[in-house]
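Bear in mind these aren't lab numbers, they're just calculated from the coordinates by the rules spelled out. Just so it is clear, the model here is predicted, and its values are computed rather than measured. Cβ placement follows ideal geometry from the backbone for every residue including glycine, while neighbour counts extend to all protein chains displayed.
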Ligand code: SF4
Ligand code: SF4
């Protein structure tokens, strides 16, 4: 991870375009909170709101869409905790309108990885 390397915001924007359906789905999230109780991490962390599935998606992938890819390295680093430390992609979270939070978090991870932001155990293969 090179903190000096500039973020390729155009590259992020192009990746975001590949999954426009996720932007639409994020826009229909009613913030009802019904997904929260199905996340064991949220329940086990004394219902810390930052562990809510919707919170994690909205403040990672959702933020990238809202800013049209114009996110800073510091913002990507902030997302790292949310999308790696606070979600294990177990797919247990349930949303009545069919929003797949783990798919969104997995995609947010891919975008972060493209910019050199990842967990040490999750390094991309680099030639
Ligand atoms: S993801 Fe679904 S269940 Fe969770 S807050 Fe949004 S609409 Fe409600
Ligand atoms: S996929 Fe992530 S947000 Fe969904 S239940 Fe598992 S840990 Fe929670």
Exercise. Could you put 118, 40 in order, starting from the residue whose Cβ has the fewest other Cβ atoms within 10 Å?
Worked result: 40, 118
Exercise. So if we plug the beta-carbon distance of residue 100 and residue 5 into 1/(1 + (r/R0)^6) with R0 = 35 Å, what FRET efficiency do we get, rounded to 0.05?
Worked result: 0.70
Problem set entry | the chain - percent relative contact order, Cα under 8 Å, separation 6 or more | 31 percent
Problem set entry | Cα-based helix-to-principal-axis angle, 9-18 vs the chain, degrees rounded to 10 | 50 degrees
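Expressed in nm to one decimal, what extension gain is obtained for the pair residue 92 and residue 40 from 0.36 nm per residue of sequence separation less their Cα-Cα distance?
Working: separation 52, 0.36 × 52 = 18.72 nm, distance 0.82 nm.
Between residue 92 and residue 40, full extension yields an extra 17.9 nm.
Cα gyration tensor of region 1-59, axes a ≥ b ≥ c as square roots of the eigenvalues: rounded (a/c below 1.5), prolate (a/b > b/c) or oblate?
Numbers: a/c = 3.81, a/b = 1.55, b/c = 2.46.
It comes out oblate by the Cα gyration axes.
When a footprinting reagent is the concern and you count Cβ atoms within 10 Å, what order do 55, 94 take, fewest first?
Details: 55 22, 94 14.
In increasing order of surrounding Cβ atoms, one gets 94, 55.
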Problem set entry | Simple spin-label estimate for residue 14 and residue 113 in nanometres, 7 Å along Cα-Cβ | 1.8 nm
Seminar exercise, completed: Normalised Cα Rg of the chain, dividing by 2.2 N^0.38 Å with N its residue count, works out at 1.03
